[in-house]
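Participant: Sharing a structure with you now.
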Amino acid sequence: MNGKPTFSEEVSNLLYASEGNPLKMCIQCGTCSATCPSAPFMDYTPRRLIGMINADMREQVLNSNAYWFCASCFHCSVRCPQEIDIAGLMYALKRYSMWKNLYKEDLIGPTFSETFVKTIINGGRSYEPILATSYLFSYGVQTFLMEAQNATSLMLKGRIPILPTRIKRLKNFRRVIGRIIPVGGAE
Amino acid sequence: MTQQKRLLIIDDDPDFVEGIKAILDAAQYNVDVAYNPKSGLQALQTGNYDLLLLDIMMGRGAEGVMIARKMRKDPKLREMPVLIITGIREQIAFLFPGGPMHPRFVEVDELVEKPVEPRLLLEKVSTLLATVEAKKAK
């Protein structure tokens, strides 16, 4: 490949292993936007986002909150008549903005994902009380108290463990992880 | 230098590639670039390169690691020196609890962290090439 790739080519490089068709095949039918449960919360709908990527509007795409609001329900990918993997695209954009440190400061998504991966690597299981701290404080006192109340009653009923649980043979699990991502200390 | 050395860069960050390519071009190396792991691997298999400069975080995730592993299994590519250039510690710092991280996950020869000092980069490249020459001479 010669010449500096454009933004849309960069995105397609991120999606090189995706099973979906290239974004250039989008016919702007809007099926993805119509089927998206998160679309009302997004500043640009998935259809517009694809259009903007194809038009190389890098700044606007990266400043958009759309891909962070994706709930990964994969309805768009399933229903796309051109068989584009739109949910995969949303993940690609998340990676892109995280690798380049281009995401907005006040976003919950990046910290949430990081905390999630961290708890999984440490114990092999997700642990809600730690996970919740990554976003809980950004919602104000009232929500915090409500969440705390909920969590307490769940804990009393044994629905949330008081201490983080660890899976058996954690070492083996970390070795599996180490094969996918370079975890420090893992073989 | 008797013969111009051929280098291959596999990295998905065009701005970074432009930077190191300029440095290496100025040092009289013949540099090729691949912007995604797939075309990178193809280039490796078809072209005849003396050294590979490899990024870790590409495509779906740690694709650089996958490439290095595939190279290790390939008898033709096994001998090729690899210089890993990555900002990985910065990106997923939490995965590395202190200590210098040497990439034990692949059989690579060197690791440089982004951002790269031009002098350091050239130094590492020439040492790696020299080591391989010495190995061949044996």
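Participant: Can you tell me which residue within the range B:48-63, out of those that are within 14 Å of B:V17 (Cβ to Cβ) and not in a loop (DSSP other than H, G, I, E, B), is nearest to the other protein chains (Cβ to nearest Cβ)?
Facilitator: My answer is B:M58.
Participant: For a quick check of your reading: which helices (runs of 4 or more DSSP H) sit entirely within the range A:16-132 and have at least 1 residues that are under 26 Å from B:D11 (Cα atoms)?
Facilitator: Because the criterion is at least 1 residues that are under 26 Å from B:D11 (Cα atoms), the helices (runs of 4 or more DSSP H) in the range A:16-132 that meet it are A:46-54, A:58-63, A:66-69, A:86-99, A:109-123.
Participant: Against the definition (within 14 Å of another protein chain (Cβ to nearest Cβ) and in a helix (DSSP H, G or I)), how does A:S153 come out, yes or no?
Facilitator: So A:S153 does not fit the description; no.
Participant: If you don't mind, another one. Is there a residue in the range B:62-85 that is β-branched (V, I, T), farther than 27 Å from A:L89 by Cβ, modelled with pLDDT under 85 and open to solvent by 40 Å² or more (accessible area, probe 1.4 Å)?
Facilitator: Taking every residue of the range B:62-85 in turn, none turns out to be β-branched (V, I, T), farther than 27 Å from A:L89 by Cβ, modelled with pLDDT under 85 and open to solvent by 40 Å² or more (accessible area, probe 1.4 Å).
Participant: How many residues, within the range A:60-119, are free of Cβ contacts under 8 Å to residues at least 12 places away in the same chain and within 16 Å of A:C36 (Cα to Cα)?
Facilitator: Looking only at that region, the number is 1.
Participant: Identify, from the list B:I56, B:I10, the residue that is open to solvent by less than 30 Å² (accessible area, probe 1.4 Å), touching a Ser or Thr at 6+ places or on another chain (Cβ under 6 Å) and either touching a residue at least 12 places away in the same chain (Cβ under 8 Å) or within 20 Å of B:G87 (Cα to Cα) (or both).
Facilitator: B:I56
Participant: Regarding the range A:67-78, can at least one residue be identified that is aliphatic (A, V, I, L, M), more than 28 Å from B:D55 (Cα to Cα) and away from every other protein chain (no Cβ under 12 Å)?
Facilitator: yes
Participant: Then there is this: I'm trying to understand the selection: among the residues of the range A:116-147, which are aliphatic (A, V, I, L, M), within 20 Å of the chain's Cα centre (by Cα) and open to solvent by 40 Å² or more (accessible area, probe 1.4 Å)?
Facilitator: Result: A:V117, A:I130.
The values are calculated or read from the model by the stated rules, or taken from the named source; none is laboratory data. Computed from a predicted model, the values in this text were never measured in an experiment. So basically every Cβ, Gly included, is an ideal-geometry build from the backbone, and we count neighbours across all protein chains shown. Protein only, heavy atoms only, side chains kept; ligands, DNA and RNA dropped before computing areas. Shrake-Rupley method; radii C 1.70, N 1.55, O 1.52, S 1.80 Å.
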